[in-house]
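Notes for the one structure printed next.
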Amino acid sequence: MDKNRLVPHLSQLGTTIFAEMSALAVSTGAINLGQGFPDVDGPRSVADAARDAISAGRGNQYPPGPGIPELRDAIAAHQRTTYDITLDPDSEVLVTAGATEAIAAAMLAFVDEGDEVIALEPFYDSYRATITMARGRCIPVRLEPPEFRLDAGRLRDAVTERTKVVLLNSPHNPTGAVLSTAELGQIAQVAIDRDLIVVTDEVYEHLAFDELHTPIATLPGMAERTVSISSMGKTFSFTGWKVGWVSGPASLVDAVRTTKQYLTFVSGGPFQYAAAHALTAEMGWVEGLRQSMANRRDLLTDGLAQLGLDTYRPRGTYFVVTDVRPLGWDDALTFCRSLPERAGVVAIPCSVFYEAPGAAESALVRWTFSKQEQVLQNALARLASANLTPTV
Ligand code: PMP
Ligand code: GLN
């Protein structure tokens, strides 16, 4: 098929870097510190709940469009007990096929051709892709190293007559930054002043290590304009199950439900029962994961620093970003493509998370610490004994 016959605005999207790098890890037998997923599954009782649901015939046929009531109740209860957010589970909560579908459905619901969506750059790859699918324009507002803090002036300056949505992500993939309450307050002020919808991707809400995660929906004036997104993938270490959710005011959630029903209609019936059980009975396990992930953050960040890389200490997520220029590399993509052969390790070049990466951004590499300590130690040992300079 002639490539020119494909829809032109989609041709720029290509294969995701996660798929490319995970395939490289498999084909070379390298340790995969690229795509962010844990190498130990979540709580046993949650896996049992999914098996029990299948055996008992719960969720094996199409579940209700907005999600099973048990899960919507559990999501509303989680938001209430964790953040003091009150939601009507029938009209203000929607279950999706992972956060990925929630993001896509939100962009398709809110973005019209030519509308602008402001996203914090570097951004998770599905943001620009789904904004593009909605025929909108992605407007980056950069978080600058070393702290990857938001410059609120830049955000304010980025808003135009066409701005419809601010798409946030905190804790932030790939940088590991966590938006402070001051930064959230500044974003809220801009959103209120310019009457914008805020879509906030909070999939790492329970992986903030140095401060508590604050949902922007809890700030004054924000609940009515904010769509919050999360999922069980990261919180409960079942990334393959793809159970996510959206919450917010009924009018916005209803708009997302409208597009969602033509994407997947529904998904993961038995897993929805398991997710309801997880949110109800396994939040203690989640706190254990957070603490263990904080230790692994330290292990990988310190280990990479000892190898001579400039590291940016993450305050949340699964990821640490390094600058590879101290090793003599300008281009992280070339570095990452050669890393399996050199060291038997896979990592992700951050240039793919930028609209127009400059010299500094082109040299950033993301590593995940969502693996067991022994695996991280092995990866560090491999890197320490490899030739990591550009000369062969
Ligand atoms: N948003 C961010 C920032 C992510 O890192 C990921 C990867 N889990 C997702 C969304 C997608 O989440 P899910 O697997 O629930 O679709
Ligand atoms: N969220 C994970 C990451 O950033 C996985 C992304 C994906 O596989 N699409 O690595």
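The values are calculated or read from the model by the stated rules, or taken from the named source; none is laboratory data. Being a predicted model, the structure only gives us computed values, none of them experimental. Using ideal geometry, Cβ is built from the backbone for each residue, glycine included, and neighbour counts are taken over all protein chains shown.
Just the residues that are more than 22 Å from A360 (Cβ to Cβ), hydroxyl-bearing (S, T, Y) and within 16 Å of ligand 1 (Cβ to nearest atom), please, taken from region 292-329.
Within region 292-329, just Y318 meets the criteria.
Does region 23-38 hold any residues that are under 23 Å from F353 (Cβ atoms) and either modelled with pLDDT of 95 or more or not in a helix (DSSP H, G or I) (or both), and which are they?
Result: A30, I31, N32, L33, G34, Q35, G36, F37, P38.
Can you pull out the residues in region 244-272 that are part of a loop (DSSP other than H, G, I, E, B) and either without any contact (Cβ under 8 Å) to a residue 40 or more places away in the chain or within 12 Å of ligand 1 (Cβ to nearest atom) (or both)? Before you say what the answer is, go through the steps one by one.
Restricting attention to region 244-272, the residues satisfying the condition of being part of a loop (DSSP other than H, G, I, E, B) are 248-249, 261-268.
Of everything in region 244-272, those that are part of a loop (DSSP other than H, G, I, E, B) and either without any contact (Cβ under 8 Å) to a residue 40 or more places away in the chain or within 12 Å of ligand 1 (Cβ to nearest atom) (or both) turn out to be Y262, T264, S267, G268.
Looking for something exposed (fewer than 15 other Cβ atoms within 10 Å of the Cβ) and within 24 Å of Q35 (Cβ to Cβ) - is there at least one such residue anywhere in region 300-323? Step through it out loud before you land on a result.
Just the residues of region 300-323 that are exposed (fewer than 15 other Cβ atoms within 10 Å of the Cβ), to begin with: 302, 305-306, 308.
Now narrow it down to the ones that are within 24 Å of Q35 (Cβ to Cβ): 302, 305.
Scanning region 300-323, I find at least one residue that is exposed (fewer than 15 other Cβ atoms within 10 Å of the Cβ) and within 24 Å of Q35 (Cβ to Cβ), so the answer is yes.
Conditions (1) more than 25 Å from S362 (Cβ to Cβ); (2) within 16 Å of ligand 1 (Cβ to nearest atom); (3) more than 16 Å from the chain's Cα centre (by Cα); (4) small (G, A, S), marked per residue:
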{"position": "R128", "(1), (2), (3), (4)": "no, yes, no, no"}
{"position": "A134", "(1), (2), (3), (4)": "yes, no, yes, yes"}
{"position": "I139", "(1), (2), (3), (4)": "no, no, yes, no"}
{"position": "A152", "(1), (2), (3), (4)": "yes, no, yes, yes"}
{"position": "L155", "(1), (2), (3), (4)": "no, no, yes, no"}
{"position": "I187", "(1), (2), (3), (4)": "yes, no, yes, no"}
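Regarding E70, is this residue at pLDDT 95 or above, buried (at least 23 other Cβ atoms within 10 Å of the Cβ) and either in a helix (DSSP H, G or I) or basic (K, R) (or both)?
Numbers: at pLDDT 95 or above: yes; buried (at least 23 other Cβ atoms within 10 Å of the Cβ): no; either in a helix (DSSP H, G or I) or basic (K, R) (or both): yes.
Spelling it out, it is not the case that E70 is at pLDDT 95 or above, buried (at least 23 other Cβ atoms within 10 Å of the Cβ) and either in a helix (DSSP H, G or I) or basic (K, R) (or both).
Scanning region 41-67 for residues that are within 16 Å of ligand 1 (Cβ to nearest atom) and either over 26 Å from the mean Cα position of the chain (by Cα) or assigned to a loop (DSSP other than H, G, I, E, B) (or both), which turns out surrounded by the fewest Cβ atoms within 10 Å (Cβ to Cβ)?
Top of the filtered list is D41.
State all residues of region 276-308 that are in contact with a Lys or Arg (Cβ under 6 Å, 6 or more places away or on another chain) and under 23 Å from P69 (Cα atoms); if no residue qualifies, say none. Can you show your working first?
Start the filter on region 276-308 by keeping residues that are in contact with a Lys or Arg (Cβ under 6 Å, 6 or more places away or on another chain), which leaves 301.
Once the filter is applied, which keeps residues that are in contact with a Lys or Arg (Cβ under 6 Å, 6 or more places away or on another chain) and under 23 Å from P69 (Cα atoms), region 276-308 yields nothing.
Of all residues in region 77-104, which are part of a helix (DSSP H, G or I), more than 16 Å from ligand 2 (Cβ to nearest atom) and crowded, with 20+ Cβ neighbours inside 10 Å?
From region 77-104, those part of a helix (DSSP H, G or I) are 77-83, 98-104; that's our starting set.
From the residues that got through so far, the ones that are more than 16 Å from ligand 2 (Cβ to nearest atom) too are 77-83.
Of everything in region 77-104, those that are part of a helix (DSSP H, G or I), more than 16 Å from ligand 2 (Cβ to nearest atom) and crowded, with 20+ Cβ neighbours inside 10 Å turn out to be H78, Q79.
Determine which member of the set G240, G233, G244 is within 16 Å of ligand 2 (Cβ to nearest atom) and surrounded by fewer than 17 Cβ atoms within 10 Å (Cβ to Cβ). Walk me through how you get there before you give the answer.
Working: G233 fails: surrounded by fewer than 17 Cβ atoms within 10 Å (Cβ to Cβ); G244 fails: surrounded by fewer than 17 Cβ atoms within 10 Å (Cβ to Cβ).
G240 is the lone residue from the list that is within 16 Å of ligand 2 (Cβ to nearest atom) and surrounded by fewer than 17 Cβ atoms within 10 Å (Cβ to Cβ).
Would you check if I17 is surrounded by 15 or more Cβ atoms within 10 Å (Cβ to Cβ), modelled with pLDDT under 95 and within 21 Å of the chain's Cα centre (by Cα)? Don't jump to the end; show me each part of the working.
Numbers: surrounded by 15 or more Cβ atoms within 10 Å (Cβ to Cβ): yes; modelled with pLDDT under 95: yes; within 21 Å of the chain's Cα centre (by Cα): yes.
So I17 fits the description; yes.
Only residues in region 364-392 that are in contact (Cβ under 8 Å) with a residue 12 or more places away in the chain count as the first member; pair them with residues that are within 16 Å of ligand 2 (Cβ to nearest atom) and of a type in the set (S, T, Y), Cβ under 6 angstrom, at least 6 apart or cross-chain, and list the lot.
Cβ pairs passing all conditions: V365/T322; T368/Y318; S370/Y318.
Does R296 meet the test of being under 18 Å from the mean Cα position of the chain (by Cα) and crowded, with 16+ Cβ neighbours inside 10 Å? Can you show your working first?
On the way: under 18 Å from the mean Cα position of the chain (by Cα): no; crowded, with 16+ Cβ neighbours inside 10 Å: yes.
It is false that R296 is under 18 Å from the mean Cα position of the chain (by Cα) and crowded, with 16+ Cβ neighbours inside 10 Å.
Tally time: how many residues in region 200-243 are within 8 Å of ligand 1 (Cβ to nearest atom), over 23 Å from V40 (Cβ atoms) and of a type in the set (A, V, I, L, M)?
Looking only at that region, the number is 1.
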